[in-house]
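The values are calculated or read from the model by the stated rules, or taken from the named source; none is laboratory data. These figures come from a predicted structure and were not determined experimentally. Cβ: placed from backbone, ideal geometry, glycine included. Neighbour counts: every protein chain shown.
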Amino acid sequence: MELPFLIKDCTLIAVATGEEAHNLREFSDRLKTIHSGCIYYHFWGGMLRPHFDEPEYPNDFAAWAWRGLHDKRLAERLAIVDPSQYRAIEELRQELVEVIEERLAESEWIPWARSNQRFKFIRSQIVVFDTGKRIVHPQEMPSQIAGLSPGSVFYHFIDARRRTASGRSDFAEWLHAIDAEEYAELIRQLNAIDPYFTTLPDLRREVALVFQPLHAEGAPP
């Protein structure tokens, strides 16, 4: 029985929460209770935006620490927090709070942002749609991956790790369902890819390289 891979695409809709932080203490307090979708958006949403405000800092929290608070030390600490290493958003939330509380304990004063540089918490809502494209055989993957949109890469590799019970990408889940033993090495390689400190085009190339050995085998007639 064939298990076709359904190629989907997505976009993240930004939803204003009305929650803001003027200084680092407020920022820490808001983080403790803010909707989990905010943490997801401020870490991953930048990958689907055309440009980063601060390319040196891969998430909105780190970028604000530098741009709004002018705290380079805090910005660097927040920049190295890798959300892909946390299975649950609540674990990631706790790590963020600990980093910020540690910085507050080190400081003799609480950093403030100017009124026009307050941190505004935004929640994400993912919109998913079916492209109508299907992949029937794993051997088709090498040629199909190159044509995936950034939204498809995001949905099937990044968002999937949040959705699936195993914490794997949709690609790995599909291979596992077809034949976990035969594709064990490909699944291992896919699981080893860290999608955070990269761009979606680069992530697409990494995924394509994993599937490249199947190219020589060719798709079944």
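Quick check on the stretch 110-145: of everything there that is assigned to a strand (DSSP E or B) and among the basic types (Lys, Arg), which residue is surrounded by the most Cβ atoms within 10 Å (Cβ to Cβ)?
Only one residue fits best here, namely Arg123.
For Glu102, state whether it is modelled with pLDDT of 95 or more and either among the aromatic types (Phe, Trp, Tyr) or farther than 30 Å from Ile7 by Cα (or both).
yes
Name the residues in the stretch 79-99 that are modelled with pLDDT under 95 and not in a helix (DSSP H, G or I), would you?
Tyr86, Arg87, Ala88 - these are the residues of the stretch 79-99 that are modelled with pLDDT under 95 and not in a helix (DSSP H, G or I).
Against the conditions (1) in contact (Cβ under 8 Å) with a residue 40 or more places away in the chain; (2) assigned to a helix (DSSP H, G or I); (3) out of contact with any Gly (no Cβ under 8 Å at 6 or more places or on another chain), where does Glu185 fall short? Just the number, please.
Of (1) in contact (Cβ under 8 Å) with a residue 40 or more places away in the chain; (2) assigned to a helix (DSSP H, G or I); (3) out of contact with any Gly (no Cβ under 8 Å at 6 or more places or on another chain), only one is false for Glu185: (1).
Of the residues Tyr196, Tyr155, only one is assigned to a loop (DSSP other than H, G, I, E, B) and not assigned by TED's automatic domain parsing to the domain that holds Glu90; which?
On inspection, the qualifying residue turns out to be Tyr196.
Check the stretch 146-153 and report whether any residue there is modelled with pLDDT under 95, closer than 30 Å to Leu6 by Cα and out of contact with any strand residue (DSSP E or B) (no Cβ under 6 Å at 6 or more places or on another chain).
yes
State all residues of the stretch 98-119 that are hydrophobic (A, V, I, L, M, F, W, C) and touching a strand residue (DSSP E or B) at 6+ places or on another chain (Cβ under 8 Å); if no residue qualifies, say none.
Ile110, Trp112, Ala113, Phe119
Considering every residue within the stretch 89-96, establish whether at least one is closer than 15 Å to Leu31 by Cβ and within 14 Å of the chain's Cα centre (by Cα).
Within the stretch 89-96 (the criterion being closer than 15 Å to Leu31 by Cβ and within 14 Å of the chain's Cα centre (by Cα)), the answer is yes, since at least one residue qualifies.
Here is a yes/no grid of residues against (1) modelled with pLDDT of 95 or more; (2) of a type in the set (Gly, Ala, Ser); (3) part of a strand (DSSP E or B):
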site	(1), (2), (3)
Thr17	yes, no, yes
Glu20	yes, no, yes
Ser28	yes, yes, no
Cys38	yes, no, no
Gly46	no, yes, no
His51	no, no, no
Tyr57	no, no, no
Phe61	yes, no, no
Leu74	yes, no, no
